[in-house]
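The values are calculated or read from the model by the stated rules, or taken from the named source; none is laboratory data. Computed from a predicted structure; not experimentally measured. Glycine also receives a Cβ, built like all others from the backbone with ideal geometry; neighbour counts cover every protein chain displayed. For the accessible areas, the whole protein counts, side chains as well, though only heavy atoms, and no ligand, DNA or RNA atoms are used. Shrake-Rupley method; radii C 1.70, N 1.55, O 1.52, S 1.80 Å.
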Amino acid sequence: MIALWDLGNVVVQWNPLKILQMLDLPDDKSVVVRDALFGSNYWLDLDRGITTEEEVASVLGADTILSVDEIVRCFDVVRKSLVDF
């Protein structure tokens, strides 16, 4: 038996636009977070437990204009944004 839990907008609020606002990054970096992180297979792999935040931060830190610290901060803000309905 496989159990699938969909938490985003079912149990907790998932609002990527609000998260981007909370990050308060310049527009060029916000676009990278939106596209290269939230809109990527990296994000899906994190959600599935296939990869870790550290691995994603390392890859995106090397491949984008975001620093590893900025990506780690994104994960922190995401956790803080996941509030009950």
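Helical runs (DSSP H, four residues minimum) scored at -39500 (n - 2.57) apiece and divided by the length of the chain put the mean residue ellipticity at 222 nm at -16000 deg cm²/dmol.
Round to a whole number: what % of the accessible area of the chain belongs to carbon and sulfur, probe 1.4 Å? Mind dumping the intermediate values first?
On the way: 3260 of 5890 Å².
Of the solvent-accessible surface of the chain, carbon and sulfur hold 55 percent.
The relative contact order of the chain comes to 41 percent, based on Cα pairs under 8 Å that sit 6 or more residues apart. If R0 equals 30 Å, the separation of the Cβ atoms of L82 and I50 corresponds to a calculated FRET efficiency of about 0.90.
The convex hull of the Cα atoms of the chain, projected and averaged over all directions, covers 5.8 nm². Work out the charge dipole of the chain with +1 on the Cβ of Lys and Arg and -1 on the Cβ of Asp and Glu about the Cα centre, then indicate which of L17, A57, V33 is farthest towards its positive end. Value: L17.
Once the 1.4 Å probe is applied to the protein heavy atoms, the chain comes out at 69 Å² accessible per residue. The modelled label-to-label distance for the pair W43/Q21, using points 7 Å beyond Cα in the direction of Cβ, is 1.7 nm.
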